[in-house]
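Have a look at the structure below before the remarks.
All of the numbers you see were taken from the coordinates with simple rules; none came from a lab. As the structure is a prediction and not an experimental result, all values here were calculated from the model. No Cβ is skipped: glycine too gets one built from the backbone with ideal geometry, and neighbour counts run over all protein chains shown.
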Number of protein chains: 2
Amino acid sequence: MSVLVVGTTALDSIKTPKAENPRLLGGSASHAAVAASFFAPTKLLGVVGGDFPAKYLKLYQKHGICLKGLEHVRDGQTFHWSGEYEVNMNNRRTLNTVLGVIEHWSPKLPGDYETTPYVLLANIAPPIQHAVIDQLERPKFIIADTMDLWMNIMLPELLRLLKRVDAFVLNESEAHQLTKEDNVFAAMKKIHKLGPKYIIIKKGSHGAVLSGPNGFFIAPAYPLRKVVDPTGAGDSFVGGMIGYLASAKGDLEKNLRRAIIHGTVTASFCCEGFGVVATTRATRQSIDLRVKELEALARF
Amino acid sequence: MSVLVVGTTALDSIKTPKAENPRLLGGSASHAAVAASFFAPTKLLGVVGGDFPAKYLKLYQKHGICLKGLEHVRDGQTFHWSGEYEVNMNNRRTLNTVLGVIEHWSPKLPGDYETTPYVLLANIAPPIQHAVIDQLERPKFIIADTMDLWMNIMLPELLRLLKRVDAFVLNESEAHQLTKEDNVFAAMKKIHKLGPKYIIIKKGSHGAVLSGPNGFFIAPAYPLRKVVDPTGAGDSFVGGMIGYLASAKGDLEKNLRRAIIHGTVTASFCCEGFGVVATTRATRQSIDLRVKELEALARF
């Protein structure tokens, strides 16, 4: 079955202690759609400006991503994020953000997008996530991602969103910010009360935890000796997850566990290059190989 | 087969935001020996002063721990550590340390201790760990634990120790301190070059990672919603590990993985009470139940 991904389509300029990379393809929807495309037909919903390079459109197309929902504002500027990583690649700071065409974007789903069964609301302002849900017809499964910014400036809209989605993805510090709980398991218990049936907490190199009606699933991270650029890893994670989920048949909870593992693996590829460079070099075969590795690494 | 545990036998006074607990049974060897005793006959090697309460000797005995190697210095004081935990139980600070009889202790193994096949050098000064190895006869498997203090003040002795043990256990920040590597997998690669065939990095609530000749094993932590007192969790982890290992037959690497899981579970009990209070309430049955839970939590 097919996947709809909505989120930011951006240009990222990323500085690390070793390199400077201007105007890479970035944004939550770009990373997530590329990741999802390995598993299921993927439709992209986003907006770009007249400065958006044609080569990035080709890159989406190479992955078979449907671009009917990618709006072009010819006289506008693409959302542009500039950031810098510190020596250990753990701390990131934003140098500059130009919202551009995303600031006043109001998403409109092309006709055949409305019935997409699997929907990923990748990280973007909650009102846009709401606007997409408003246009959906009988979705099977909706996953929402978010970031600390929306908890800071749009908490009521985010809380309202949590009642409208099946699964909610956030990282450890966001879970703490939302619940004031240090313990992830205690935090998840509180977040369930806000609405989502399934919660996935991302712990970066420590893996991820799923909480659902049948309890927890503790997922390992793929062991990487070297991280080139972690930008977009969380988006690749949710993208791989929704893509795998759309492709799987049978028991939902079992599929969710496998989806998290497949998301973990697409995220591991993402970390091995700047932007989507390493993710786009992956194949379904190289992904399946790492999934098999993870199975062996976690067996006891 | 039997286990020899050497380390500190101490009194711990532990302050948390919610309670104050003076003169609990503590020390690396106490926690580790109690944990090991669930799986294998366990011999304790340590030293206490005349102030060591008889009730703690009874507690060791209740666990069937052999005390032939527990030296009593009648006119000396038992090693006493006082510490305080902050609100989130993540940060610990030492308020006071009285070394007492441990300061000038030179361990002497009772005759039948020398041939113990499984040996845990729990956290204690490296010269004492060396002195124990010097007295062993054909040990099958030696695990060494340590702490940052010994890296700071006795690094040459610790490095010499690493060439004499089969497995080395440390936490993430110690691995970073020892190798200057942020990435645990890169750090483990460097530590192997220092000697140990097997390395186990403890990541607290994020689980543990084993590195050996056949690659990595990524172990989940047992999900605890509430941590009462994490003091001794690392010692319970290695204690449960060596105890299970001594009880297991067959393939070493497979047994090491299961040993880590059993250590994880004994450590989870330790966190649920002050000192060894919750650990001593555990049974082999309650441990096996949590191991089964972990199997289900990690399956995909």
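Values for this structure:
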| read-out | value |
| --- | --- |
| Residue within region A:79-95 that is of a type outside the set (A, V, I, L, M, F, W, C), over 16 Å from A:C270 (Cβ atoms), outside any strand (DSSP E or B) and more than 14 Å from chain B (Cβ to nearest Cβ) present | no |
| Qualifying positions in region B:216-264 - among the small types (G, A, S) and closer than 20 Å to B:M188 by Cβ | B:A219, B:A221, B:G234, B:A259, B:G263 |
| Selection status of A:A19, under 18 Å from A:A233 (Cβ atoms) and surrounded by 18 or more Cβ atoms within 10 Å (Cβ to Cβ) | no |
| Near pairs, Cβ below 6 angstrom, 6+ apart or cross-chain, from region A:236-252 (over 9 Å from A:H262 (Cα atoms)) to any residue that is part of a helix (DSSP H, G or I) and polar (S, T, N, Q) | A:S236/A:T266; A:S236/A:T279; A:L245/A:N255; A:A248/A:N255 |
| Residue in region A:189-201 that is aromatic (F, W, Y) and within 19 Å of the chain's Cα centre (by Cα) present | yes |
| Count - residues of region A:101-127 that are surrounded by 21 or more Cβ atoms within 10 Å (Cβ to Cβ) and in a helix (DSSP H, G or I) | 4 |
| Residue list for region A:264-279, restricted to those being within 14 Å of A:A32 (Cα to Cα) and crowded, with 18+ Cβ neighbours inside 10 Å | A:T264, A:V265, A:T266, A:A267, A:S268, A:F269, A:C270, A:C271, A:G275, A:V276, A:T279 |
| Number of positions in region B:140-176 that are under 16 Å from the mean Cα position of the chain (by Cα), under 19 Å from B:E253 (Cα atoms) and part of a loop (DSSP other than H, G, I, E, B) | 2 |
| Candidates A:G243, A:G250, A:G275, A:G263, filtered to the one that is in contact with a strand residue (DSSP E or B) (Cβ under 9 Å, 6 or more places away or on another chain) and farther than 29 Å from A:T16 by Cα | A:G243 |
| Any helices (runs of 4 or more DSSP H) falling wholly within region A:185-300 and containing at least 1 residues that are within 12 Å of another protein chain (Cβ to nearest Cβ) and under 26 Å from A:S30 (Cα atoms) | A:233-247, A:252-271, A:284-298 |
